Amino acid sequence: MIERIIKNNISILNPHLVMGYLESKNIYPTEDEAIIICNFLKENYNVLLKDNSILLNLRGNIRDNIYQGVSTIIMNLKNTYL
């Protein structure tokens with residue numbers, strides 16, 4: 001069910017939503033990083049739901065502290081909802 005909700009709503013995700021959510025978790029990406037994260041999630045959400053190793057593709061494209069924060073959030077959300 002969660003997978004269907006994500007699939008039906010991923011298209012509304014945008015860099016400003018990503019930035020706002022991350023900032024609410026005390027993670028402060030640049031606008032460019034928010035764009036990269038947004039595009040990554042839109043392109044890889046279906047794989048990410050099943051395979052955490054896809055997150056490694058994000059590493060190197062954003063600062064390490066942002067990557068660590070994003071990966072921690074994703075893992076926590078997956079553990080809670082999947």
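Quick note: the coordinates plus some simple rules give every number you see, no bench work behind them. Since we're looking at a predicted model, the values are computed, not measured. Backbone-built Cβ (ideal geometry, glycine too); neighbour counts: all protein chains shown.
Of the residues that sit in the range 31-71 and are touching a Lys or Arg at 6+ places or on another chain (Cβ under 9 Å) and without any contact (Cβ under 8 Å) to a residue 24 or more places away in the chain, which one is farthest from Leu82 (Cα to Cα)?
Ranking the candidates gives Tyr67 first.
What number of residues within the range 1-29 are exposed (fewer than 14 other Cβ atoms within 10 Å of the Cβ), among the aliphatic types (A, V, I, L, M) and in a loop (DSSP other than H, G, I, E, B)?
Going through the range 1-29 one residue at a time, the tally reaches 1.
Loosely packed, with under 12 Cβ neighbours inside 10 Å and either more than 22 Å from Met1 (Cα to Cα) or under 10 Å from the mean Cα position of the chain (by Cα) (or both): is that true of Asp51 in this structure? Even if it seems obvious, please write down each step before you answer.
Values: loosely packed, with under 12 Cβ neighbours inside 10 Å: yes; either more than 22 Å from Met1 (Cα to Cα) or under 10 Å from the mean Cα position of the chain (by Cα) (or both): no.
Against the criterion (loosely packed, with under 12 Cβ neighbours inside 10 Å and either more than 22 Å from Met1 (Cα to Cα) or under 10 Å from the mean Cα position of the chain (by Cα) (or both)), Asp51 does not qualify.
Among (1) surrounded by 13 or more Cβ atoms within 10 Å (Cβ to Cβ); (2) over 10 Å from the mean Cα position of the chain (by Cα), where does Gly60 come up short?
That leaves (1) as the condition not met.
Looking at (1) more than 11 Å from the chain's Cα centre (by Cα); (2) in a helix (DSSP H, G or I); (3) aliphatic (A, V, I, L, M); (4) surrounded by 14 or more Cβ atoms within 10 Å (Cβ to Cβ), which one does Ala34 not meet, given that it meets all the others?
Here Ala34 clears every test but (1).
Regarding Glu31, is this residue over 24 Å from Asn79 (Cβ atoms) and either among the basic types (Lys, Arg) or out of contact with any His (no Cβ under 8 Å at 6 or more places or on another chain) (or both)? Talk me through it step by step, then tell me what you get.
Numbers: over 24 Å from Asn79 (Cβ atoms): yes; either among the basic types (Lys, Arg) or out of contact with any His (no Cβ under 8 Å at 6 or more places or on another chain) (or both): yes.
Here the answer is yes, as Glu31 does meet what is asked.
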